[in-house]
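Worksheet: the structure to be examined is printed underneath.
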Amino acid sequence: MPYSPERPRRIRVQRDGPLLVEGPVEVVGEDGEVTVSRRFTVAVCTCRRTRMPPWCDTSHRCRTKLDAVDEVDEVDEVDDTP
């Protein structure tokens, strides 16, 4: 259902995915740049891997569970020398 003054705008949060926002929307970036989309629903990137910020280009799908395990292993490797 599209946005109307009688109803708040709906944002759907997805684990390991983008924010799905009912459009149209204006997104203001850190640098103050305003990006507009008039689509019915837009996907706003939360992983910062997208090549077309602020919109999601599904780059988050390229991250595998193996990548996440490697990151944990790197954190666990601590130099114990005094």
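The values are calculated or read from the model by the stated rules, or taken from the named source; none is laboratory data. A quick note: this is a predicted structure, and the numbers were derived from the prediction, not measured. When we count neighbours, we look across all protein chains shown, and the Cβ atoms used for this are built from the backbone with ideal geometry, even at glycine. Each accessible area value is taken on the protein alone, full model and side chains, heavy atoms only, with ligands, DNA and RNA left out. Shrake-Rupley method; radii C 1.70, N 1.55, O 1.52, S 1.80 Å.
Where strands (runs of 3 or more DSSP E) fall wholly inside the range 4-46, the ranges with 1 or more residues that are open to solvent by 30 Å² or more (accessible area, probe 1.4 Å) and among the acidic types (Asp, Glu) are 25-28. I'd like the full set of residues that are at pLDDT below 90 and more than 11 Å from the chain's Cα centre (by Cα), limited to the range 31-51. Residue satisfying the conditions is 51 alone. Restricting the first residue to the range 33-44 and requiring it to be farther than 21 Å from residue 14 by Cα, which pairs with a second residue that is exposed (fewer than 13 other Cβ atoms within 10 Å of the Cβ) and of a type in the set (D, E, K, R) meet a Cβ separation below 7 Å and a spacing of at least six or different chains? Short answer, once both residue conditions are applied: 34/26; 36/26.
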